[in-house]
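**Student:** What follows is a single structure, and I will ask about it in a moment.
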Amino acid sequence: MRNNTSSEFLYQLFALILALILVHTVYVTLIRPNANLVLEQQLAREAAGESYVAERSFYVVVKDYEQEACFILMLWACAIMGYKARRSLNERKLLTQPLLTVPDGSRVLPEDARQLSRPIQALPAVQQGYLLPRTLLAALQRFGSTRNIQDVSHAVGEVLDTESDRLDSELSMVRYIAWAIPSIGFIGTVRGIGEALSQAHKAVQGDIAGVTASLGVAFNSTFIALVISIALMFLLHQLQLLQERLVLDTHSYCDSNLMRHLKTD
């Protein structure tokens, strides 16, 4: 479990660095040059006195630093959720494998617990850390030591409850990111409004270009942040649903393949 924790930390660290490099590269080479080009064309048409309707360009909407930070955090959160979803899907594959070979109508006595544990203990080290093998081993060890079916049921419930709490706590970083993204958007709103107010004297004189650009920063940053937050929360809830189903299906597996076969005499 400690190795899994350290490897996951390294994965998250490298995912953050990769997201930072990737998004910043796209901004430097594609988004900001195109946004500057669009803005220069608009200023040129205004200076020429042409009447036109300014179109909302994607490059202009996402060009600011707040939107860049939101995209970085979005990719980082998606990488974290992808890692956890992949692990949950790998764990679900064990639910289709015959880890316990107990024929229908057979009885499992406390003396059989050690023999039934051997195929599970022979699994690769990575798979032994999955939820189903840990739950089955805890149940069989409790049954072999206490010879009490009720204690086995409690052992299964304790493992599954602990796993539910662990999975929920490990999503705290993703929840923080989902909260931080709209906050960054509001920071852009405050910055844009502040810049617009600082140029109010120009607007009074008839030059509203600076005020308009600053207000664009304010509204665009909030717009992008809220859209990203909505998408991220949807993915987060899908991941939580996947993890909750894993816990519930593991409990059903234990009931169907082990608990109903247990006998004390």
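Just so you know, all these numbers are worked out from the coordinates, no wet-lab data involved. Since this is a predicted model, take the numbers as computed values, not measurements. Cβ atoms come from the backbone with ideal geometry, glycine included; neighbour counts cover every protein chain shown.
**Student:** Give me the net charge of MET81's neighbourhood, meaning all other residues with Cβ under 15 Å from the Cβ of MET81; Lys, Arg count +1, Asp, Glu -1.
**Tutor:** So the environment of MET81 carries a net charge of 0.
**Student:** Same structure, new question: Report the charge-dipole magnitude of the chain in Debye, nearest 20, computed about the Cα centre from +1 at each Lys and Arg Cβ and -1 at each Asp and Glu Cβ.
**Tutor:** About 680 debye.
**Student:** Just want to confirm a number: the relative contact order over the chain, from Cα pairs under 8 angstrom separated by 6+ residues, in percent.
**Tutor:** It rounds to 26 percent for the chain.
**Student:** Relative to the longest principal axis of the chain, what angle (0 to 90°, nearest 10) does the C-alpha long axis of helix 131-146 take?
**Tutor:** 30
**Student:** Projected onto the charge dipole of the chain (+1 at Lys/Arg Cβ, -1 at Asp/Glu Cβ, origin at the Cα centre), which of SER6, THR146, PHE71 gives the Cα projection farthest towards the positive end?
**Tutor:** THR146
**Student:** Does anyone have the angle between helix 32-47 and the longest principal axis of the chain? Alpha-carbon axes, 0 to 90°, nearest 10?
**Tutor:** Between helix and principal axis, roughly 30 degrees.
**Student:** Right, next: Enter the angle in degrees (range 0 to 90, nearest 10) between the Cα long axis of helix 209-257 and the first principal axis of the Cα atoms of the chain, meaning the one along which they spread out most.
**Tutor:** Between helix and principal axis, roughly 10 degrees.
**Student:** Hey, got the Cα dimensions of the stretch 54-110 along the principal axes, in Å, largest first?
**Tutor:** Answer, in whole Å and largest first: 77, 22, 11 Å.
**Student:** When a/c is below 1.5 the answer is rounded, else prolate if a/b is larger than b/c, else oblate, so apply that to the stretch 110-152 with a ≥ b ≥ c taken from the square roots of the Cα gyration tensor eigenvalues.
**Tutor:** It comes out oblate by the Cα gyration axes.
**Student:** Per residue and in Å³, how big is the convex hull formed by the alpha-carbon atoms of the chain?
**Tutor:** In the chain, the Cα convex hull volume per residue is 141 Å³.
**Student:** Please compute the contact order of the stretch 48-153 in relative form: average sequence separation of alpha-carbon pairs under 8 Å and at least six residues apart, divided by the residue count, as a percent.
**Tutor:** Computed over the stretch 48-153, the figure is 20 percent.
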